[in-house]
1. Expressed in nm to one decimal, what extension gain is obtained for the pair Leu60 and Val134 from 0.36 nm per residue of sequence separation less their Cα-Cα distance?
2. Could you calculate the contour length gain from Glu124 to Asp81, that is, 0.36 nm times the residue separation minus the distance between their Cα atoms, to one decimal place in nm?
3. Sorting Cys143, Cys165 on the 10 Å Cβ count, fewest up front, what's the list?
4. Find the percent of Cα-Cα distances in segment 60-127 that exceed 16 Å, and round it to a whole number.
Amino acid sequence: MFNSYYNNFLASTTWVENKTMSDTEQAAPLPAPQLTPPPQIFSLPTNFPVPSTMVCRGDLTSNWEFFKQQWQDYKVATGLDQKGQSVRLATFRSVMGKECLQIFLNLNFGTEELTITSALKALETYFLPKRNVVYARSVFNSCVQSSGETVDCYVNRLRKLASSCQFGTLTVVVDCGYKTVQPTINLIVQV
């Protein structure tokens, strides 16, 4: 039985004689490989979360800043910043949510061509009204730490309030010394 398998193997195998080249013979040059660029496949990471929709009630300024930051991160992480204007605009309109899209569609863009930059600018103008700096500074200066509020939470709340006060390059520093009952707030220039 083994001999029949062996004979079938020998019969189906093609044998090539092993020849060696002499020193005078030259091997035929191999053809240069054809390098073709791989096809460009655009795929978005499926594990990167889509930005949450823009919340169009409550604190519109904070909601817009949060949504805009999410959009910027999403655009970079998924490679949308490398895509065409129409793809970016369509994606932006689809992730903004129903309420924000209704506001967007009712904005007046005039005769200028609609781009992602002009869309962001128009929505920013809508959601970021002019701030009353005097009122914002008054709220900042009257801020006191709530009972049960940790110092870290209080400092975070102060920094958030200071962001709307237009202090410029000033930084909020909270001094929680042992001599004072209420922490004092100092503004210093960043170096």
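1. Numbers: separation 74, 0.36 × 74 = 26.64 nm, distance 1.96 nm.
Here the answer is 24.7 nm.
2. Values: separation 43, 0.36 × 43 = 15.48 nm, distance 1.94 nm.
Taking 0.36 nm per residue and subtracting the Cα distance, the gain is 13.5 nm.
3. Details: Cys143 15, Cys165 20.
Going from sparsest to densest Cβ surroundings: Cys143, Cys165.
4. Details: 1026 of 2278 pairs.
Here the long-distance tail beyond 16 Å is 45 percent of all Cα pairs in segment 60-127.
Readers should treat all values here as calculations from the given coordinates under stated rules, not as data from a laboratory. What you see is a predicted model, and the numbers here were worked out from it, not measured in a lab. All Cβ positions, glycine included, derive from the backbone under ideal geometry; neighbour counts span all protein chains shown.
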